[in-house]
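Visitor: Could you have a look at this structure, given as structure tokens, before my questions?
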Amino acid sequence: MNPELDEVVWQAWKAMELPEGYRAEIVEGVIEVSPTGRLPHARVVNRLRSALEVLLRDSEHGAWNSMDVIHARRAWVPDGFVAPRDVEPAETEDDLGIKASAVQVVVEVVSPGKTNQDRDRIRKRREYARAAIPAYVLIDDYDGQGAVTLFTGPRPDKADWEDIHRVPYGTDVTIPEGPAKGFVVGEAITGPKRG
């Protein structure tokens with residue numbers, strides 16, 4: 001990491017004015033602009049958020065989306081995440097988002113296209129591990145006939161994960177710990193197996 005370059009990228013990201021329907025993230029020191037998800041993407045995100053809200057209804061944690069998650073001059077807009085309902089803003093001059101340290105589970109739904117797939121499968125996978133987010137769920141229509149991968153045990157020093165559990169659509173994955181413990185990502189969230 002280059003602190004001076006990180007600051008330049010951070011200031012450029014903060015100053016960006018994007019057209020409606022686009023978002024900008026800082027992923028591994030690079031500003032990435034992408035459109036918001038299409039209808040199939042939004043359906044999965046909405047099913048996920050609704051199911052998480054049911055699980056968390058009596059909890060101090062809630063299901064979030066469309067919010068910047070900030071860590072070390074990086075900014076991500078996950079498709080969904082679990083964090084305290086009364087979360088404190090990140091310590092930035094403009095309260096631009098929340099601290100990654102408050103996030104207990106982060107979820108990405110992969111969008112079409114190699115750039116989008118690489119961002120969620122590779123670059124964000126490393127970023128979320130660096131931020132020590134306890135669990136990362138990747139819902140991927142473009143992995144075979146569809147797959148869900150659960151990453152747990154972040155290793156920030158290695159930008160990797162201790163445990164990686166990948167299953168095809170149609171097989172349930174259960175979050176093993178934290179406020180979303182017992183939450184099942186299966187066909188009710190992903191829809192049926194593709195192909």
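Visitor: Which Rg and Dmax, in Å, describe the Cα atoms of segment 37-190?
Guide: 14.4, 45
Visitor: Using a 10 Å Cβ count of at most 16 others and DSSP loop calls, identify the longest part of the chain lacking such GluC sites (Glu not before Pro).
Guide: 94-176
Visitor: With a cap of 15 neighbouring Cβ atoms within 10 Å, and only residues DSSP puts in a loop, list the chymotrypsin sites (Phe, Trp or Tyr not before Pro) found in segment 113-195.
Guide: Here no loop site has a sparse enough neighbourhood.
Visitor: Note the angle between two axes, namely the Cα long axis of helix 39-56 and the longest principal axis of the Cα atoms of the chain, as a number of degrees from 0 to 90, rounded to the nearest 10.
Guide: Helix 39-56 sits at roughly 80 degrees to that axis.
Visitor: Towards the positive end of the charge dipole of the chain, with charges on Cβ (+1 Lys, Arg; -1 Asp, Glu), say which of Tyr169, Val110, Gln11 has the farthest Cα.
Guide: Going by the Cα projections, it comes out as Tyr169.
Visitor: Within segment 5-39, report the trypsin sites (Lys or Arg not before Pro) that DSSP leaves as loop and that have at most 14 other Cβ atoms within 10 Å.
Guide: Listed in order of number, the matching sites are Arg38.
Visitor: Just to check I understand the Karplus step: with θ = phi - 60° and J = 6.51 cos²θ - 1.76 cosθ + 1.60, what whole-Hz values come out for segment 121-136, glycine and proline as x?
Guide: 6, 10, 5, 5, 4, 5, 4, 5, 5, 4, 7, 6, 5, x, 8, 10
Visitor: Place a +1 charge on the Cβ of each Lys and Arg in the chain and a -1 charge on the Cβ of each Asp and Glu, then give the dipole magnitude about the Cα centre in debye, rounded to the nearest 20.
Guide: With only Lys, Arg, Asp and Glu charged at Cβ, the dipole is about 780 debye.
Visitor: Hey, what angle do you get for helix 3-15 against the long axis of the chain, alpha-carbon based, 0 to 90 degrees rounded to 10?
Guide: It is inclined by approximately 80 degrees.
Visitor: Antiparallel as a % of all DSSP beta bridges within the chain, to the nearest 5?
Guide: 80 percent
Visitor: May I pose another question? Quickly estimate the mean residue ellipticity at 222 nm for the chain, helices only: each DSSP H run with n ≥ 4 gives -39500 (n - 2.57), and the total goes over all residues, rounded to 500.
Guide: Per the formula, -7000 deg cm²/dmol.
Visitor: Can you give me the pair-distance distribution of segment 49-94, C-alpha pairs, 5 Å bins, whole percents?
Guide: Cα pair-distance distribution for segment 49-94, in percent: 5, 20, 28, 23, 14, 7, 3.
Visitor: Still on this structure, please answer the following. Filter the trypsin sites (Lys or Arg not before Pro) in segment 98-195 to those in DSSP coil with at most 15 other Cβ atoms within 10 Å of their Cβ, and list the result.
Guide: Those satisfying the criteria are Lys158, Lys181, Lys193, Arg194.
Visitor: I want to verify a result. In a Gaussian network model of the chain, Cα cutoff 10 Å, which of these has the top mean-square fluctuation: Gly182, Gly80, Gly170?
Guide: Gly182
Coordinate-derived values only; no laboratory data. Not measured: the values here are computed from a predicted model. We place every Cβ from the backbone using ideal geometry, glycine too, and count neighbours over all the protein chains shown.
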